[in-house]
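Engineer: Structure provided below as structure tokens; questions to follow.
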Amino acid sequence: MGSPSDHLANERTFLAWVRTGIALIGFGFVIAKFALFISILKGAKTLSSSSVTYGEVMIILGGIVILYGLYSYLENEKDISRNQYTPRVLPNMIFVGIILAITVILALFII
């Protein structure tokens, strides 16, 4: 069944995932708003869509991080309840692959 400290540690880890996701979402909003601010300073009639797109991608990435944290939390709760540990190599590799793919795509757009 797992001790209370196991469940609390799992919850702290989940909250770290949520904090990371919120930070990415906040950073995405900053990027998008900064693009708006720069266009206002320049007196431009149109907004540079690339910076807004980068901001939107960061917001989506933050959501993905929170969803993966929830998945990890729920799976770990099942393991704690069964008093076992199951490594999650494939889900972790898929998650890293998604993050790296987004990173490469963003890097290619910057170039």
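Engineer: With ILE40, ILE94, ILE66 as the choices, which residue is modelled with pLDDT under 90 and part of a helix (DSSP H, G or I)? Before the answer, list the steps.
Structural biologist: Numbers: ILE94 fails: modelled with pLDDT under 90; ILE66 fails: modelled with pLDDT under 90.
The unique qualifying residue is ILE40.
Engineer: Yes or no: SER51 on the phi < 0 side of the Ramachandran plot, surrounded by 15 or more Cβ atoms within 10 Å (Cβ to Cβ), in a helix (DSSP H, G or I) and hydroxyl-bearing (Ser, Thr, Tyr)?
Structural biologist: yes
Engineer: Say we look at the stretch 68-102 and pick out the residues that are in contact (Cβ under 8 Å) with a residue 40 or more places away in the chain and within 20 Å of GLY28 (Cα to Cα); which of these is surrounded by the fewest Cβ atoms within 10 Å (Cβ to Cβ)?
Structural biologist: Within the stretch 68-102, the match that is surrounded by the fewest Cβ atoms within 10 Å (Cβ to Cβ) is ILE102.
Engineer: Also, quick follow-up: Yes or no: GLY43 out of contact with any Gly (no Cβ under 9 Å at 6 or more places or on another chain) and either open to solvent by 40 Å² or more (accessible area, probe 1.4 Å) or free of Cβ contacts under 8 Å to residues at least 24 places away in the same chain (or both)?
Structural biologist: yes
Engineer: Let me ask something additional. Do we have TYR54 as at pLDDT below 90 and within 15 Å of the chain's Cα centre (by Cα) here?
Structural biologist: yes
Engineer: Give the stretch 12-40 a look and list any residue that's in contact (Cβ under 8 Å) with a residue 12 or more places away in the chain and open to solvent by 80 Å² or more (accessible area, probe 1.4 Å), or say none.
Structural biologist: ILE22, PHE27, PHE29, VAL30, LYS33, PHE34
Engineer: Follow-up. Kindly evaluate VAL104 against the criterion of being over 21 Å from ARG12 (Cα atoms) and either over 15 Å from the mean Cα position of the chain (by Cα) or part of a loop (DSSP other than H, G, I, E, B) (or both).
Structural biologist: Working: over 21 Å from ARG12 (Cα atoms): yes; either over 15 Å from the mean Cα position of the chain (by Cα) or part of a loop (DSSP other than H, G, I, E, B) (or both): yes.
Yes, satisfied.
The values are calculated or read from the model by the stated rules, or taken from the named source; none is laboratory data. Because the structure is predicted, anything quoted here is derived from the model rather than measured. Neighbour counts run over all protein chains shown; Cβ positions are idealised from the backbone, glycine included. Keep in mind that these areas ignore ligands, DNA and RNA; they rest on the heavy atoms of the full protein, side chains included. Shrake-Rupley method; radii C 1.70, N 1.55, O 1.52, S 1.80 Å.
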